[in-house]
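Here's the structure we're looking at; comments come further down.
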Amino acid sequence: MATSRIAASMLLSRSSVVASRTLHTSSRLANVAAAPPPLPARKPVGAFRGGDMGVEYREERTGMGTEYARLFGFLLGSTLAGSGVYYYVLQEYKASNELLTEDIYALQNAITRVAQHLTSVEDKMDLMEKKSKR
């Protein structure tokens, strides 16, 4: 019981110390201006970057020409990727269609064989019935 009172009094004394502190900064930190680090140089993005050109040419090359080149590069890349996917899917479709057609022909052959066997069994049964009636 005494230890719990001591622990409670210690907690109260620590919380009063923490509550009595105010937020402040040192004079050295207040004098330093918080300047953000400089941004890296912007590199052109897109399908056509123009090769290994000097920085001077890149700075001059701003405007709608680069925007059209980026748009053209995006459209060209999208078209090429889409056509590649289309031909891949088309080949897969043809292959699966051929396999399905082969399976259908095999099933038709099996059905005709079963039908022939069934007719032969029925014919044999008819002959046996005729013999048994005599």
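Annotations
- At q = 0.20, 0.21 Å⁻¹, base-10 log of I(q)/I(0) for the stretch 85-134 (Debye sum, equal scatterers on each alpha carbon): -0.74, -0.77
- Remark: the Ala41-Thr119 segment gains 19.5 nm on full extension, using 0.36 nm per residue and subtracting the alpha carbon distance.
Read-outs throughout are calculated quantities, based only on the coordinates presented, and are distinct from any laboratory measurement. It should be emphasised that the depicted structure is a prediction, and the values quoted were computed from it without experimental measurement.
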